[in-house]
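The values are calculated or read from the model by the stated rules, or taken from the named source; none is laboratory data. On a predicted model such as this, the values are computed, not experimentally measured, just so you know. Cβ placement follows ideal geometry from the backbone for every residue including glycine, while neighbour counts extend to all protein chains displayed.
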Amino acid sequence: MSDSILVRPLTTLEEMRTQVYMADRAFSSEPSEESARRWLTYLTAAPDFYPEMMRGAFADGQQAGGYLFLKRTLRMGAARIPAGCLGAVVTSPEYRKRGVARALMQDAIEFANANRLPLLLLDGIPNFYYRFGYIDIYDTTMLRVERGSLRQWADSLSGYTTRQATAEDAATVYTLYQQHYAGYTGSFDFSLEIFQHRFSPQKYLLAIRPDGQVAGYATSPEKQPERITEIAAETPEALLALLQEQDRRSAQVTEPLTCLLPQRSLMADWLIQLLRATGPHKELAANEWSVQTQINHQRFAGWMGRLNSLAGFLHAILPELQARWERSLAHWNGSITLIIEQESCTLHCAGRSVELSDTAAQAPALQFTPQLFLQLAFGYRSLQHVLSETGQRLPFEAQQALSILFPPDHTFIPASDWF
């Protein structure tokens with residue numbers, strides 16, 4: 001039972017080694033003592049490392065499992081949300097089904113509360129973490145690029161070339177990342193120093209302009225260059241140069257290239273505009289494609305979040321709610337109370353401003369589960385879905401206001417922010 005399991009920060013180097021070896025065996029495709037040692041060195045040398053982040057479960061004095069608690073700042077437009085990010089959650093095989101995972105999850109909630117973190121995030125295995133209050137907040141989106149349509153541009157890149165990155169390119173790549181991904185909910189606010197620590201030049205292919213300046217980058221697994229996990233480019237030519245080199249490196253693979261990209265990104269628009277299908281079935285031209293959008297849905301799996309505090313979360317996102325309201329040019333005057341279990345907060349819209357109070361008011365009210373509210377906040381579910389799911393009604397003006405404050409489809413988690 002979890003009552004007999006103690007979860008605490010790891011205090012000795014030996015405890016840290018034990019946990020990292022355990023996690024390496026569970027998650028690495030090629031586990032070894034050497035890879036575990038490298039992982040531990042990487043963790044403890046990070047600029048954002050702090051002693052309490054490595055947390056272990058102990059049963060009868062034996063180390064039975066553990067996880068990493070990373071403190072990060074999630075971006076949502078103009079807002080910055082303090083978040084706890086859980087990684088490398090592992091239970092020793094001999095202690096499985098004995099309440100270790102439940103004890104770890106309870107510790108994460110208590111540690112987040114102690115640190116006033118209103119949000120917990122993780123990338124979870126299927127059908128497990130929902131039991132602890134987590135819910136899907138983002139489905140992976142990608143583009144599939146037909147190779148023949150890409151090769152049509154082989155001689156049209158006006159002097160653009162590619163090369164492998166070096167350690168000196170970290171600052172330039174960091175700037176490109178900020179330009180292309182900082183605007184999405186799901187990216188994190190971190191310093192150049194932290195990015196330099198994470199930067200592995202061998203994973204980055206660079207696009208080079210005719211004047212020798214870096215104009216883009218792409219990352220992919222070493223043995224799967226056809227799977228592009230992150231890409232950023234300043235120009236269409238830079239984007240095509242990166243894709244053509246990844247095509248060349250994976251020429252033995254017949255499947256299309258895949259790129260993890262936001263559906264409505266500028267780079268996606270470039271590809272859709274430039275590439276033409278090369279399929280042989282002219283009579284079925286409407287079924288041919290050069291670029292195909294794919295969204296991977298799997299309920300209770302992948303990127304999931306848990307709301308720890310309604311008031312804390314709303315206060316954190318208030319700058320973005322204000323920015324959305326100002327952009328909309330809305331001038332509605334009114335209040336809406338949001339209720340989750342025993343907690344309530346009221347949004348006050350007055351002309352061009354949005355304010356927040358931590359008490360209920362004489363105003364239309366909308367009740368949520370923590371899970372449904374978080375999906376609304378991340379744009380994973382629409383307000384209409386919430387109203388349909390809960391059977392509630394709101395005055396038309398209040399519905400319009402909430403639809404402005406909580407729009408759909410603004411989340412994307414780039415590979416640089418995975419944990």
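Details
- The residue pairs whose first member lies in segment 177-194 and is touching a residue at least 60 places away in the same chain (Cβ under 8 Å) and closer than 19 Å to Asp269 by Cβ, whose second member is crowded, with 19+ Cβ neighbours inside 10 Å and of a type in the set (Asp, Glu), and whose beta carbons are closer than 7 Å, counting only pairs six or more residues apart or on different chains, do not exist in this structure.
- Meets criteria (of a type in the set (Phe, Trp, Tyr), in contact with a strand residue (DSSP E or B) (Cβ under 6 Å, 6 or more places away or on another chain) and either at pLDDT below 95 or at positive phi (or both)) for Phe419: yes
- The condition (being surrounded by 14 or more Cβ atoms within 10 Å (Cβ to Cβ) and in contact with a Cys (Cβ under 8 Å, 6 or more places away or on another chain)) is satisfied by just one residue among Trp303, Trp325: Trp325.
- Test: residue in segment 120-128 that is surrounded by 15 or more Cβ atoms within 10 Å (Cβ to Cβ), touching a residue at least 24 places away in the same chain (Cβ under 8 Å) and over 25 Å from Leu261 (Cβ atoms): yes
- Any hit, segment 299-311, residues being in a helix (DSSP H, G or I) and either at pLDDT 95 or above or within 23 Å of Asp139 (Cβ to Cβ) (or both): yes
- Residue within segment 109-122 that is out of contact with any Lys or Arg (no Cβ under 7 Å at 6 or more places or on another chain), more than 16 Å from Lys71 (Cβ to Cβ) and outside the structural domain of Ser187 (by TED's automatic domain parsing) present: no
- Among the residues listed as Ser353, Ser335, the single one being in the same structural domain as Leu387 (by TED's automatic domain parsing), among the hydroxyl-bearing types (Ser, Thr, Tyr), over 25 Å from Ala182 (Cβ atoms) and buried (at least 19 other Cβ atoms within 10 Å of the Cβ): Ser335
Residue by residue, here is whether (1) farther than 30 Å from Glu320 by Cα; (2) at pLDDT 95 or above; (3) not hydrophobic (A, V, I, L, M, F, W, C) holds:
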| residue | (1), (2), (3) |
| --- | --- |
| Glu168 | yes, yes, yes |
| Thr172 | no, yes, yes |
| Leu176 | no, yes, no |
| His180 | no, yes, yes |
| Gly183 | no, no, yes |
| Phe188 | no, yes, no |
| Leu192 | no, yes, no |
| Arg198 | no, yes, yes |
| Gly212 | yes, yes, yes |
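Here's the yes/no breakdown for (1) within 21 Å of the chain's Cα centre (by Cα); (2) assigned to a loop (DSSP other than H, G, I, E, B):
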site	(1), (2)
Arg80	yes, no
Ala83	yes, no
Leu86	yes, no
Glu94	no, no
Lys97	no, yes
Arg102	no, no
Glu110	no, no
Asn113	no, no
Leu120	yes, no
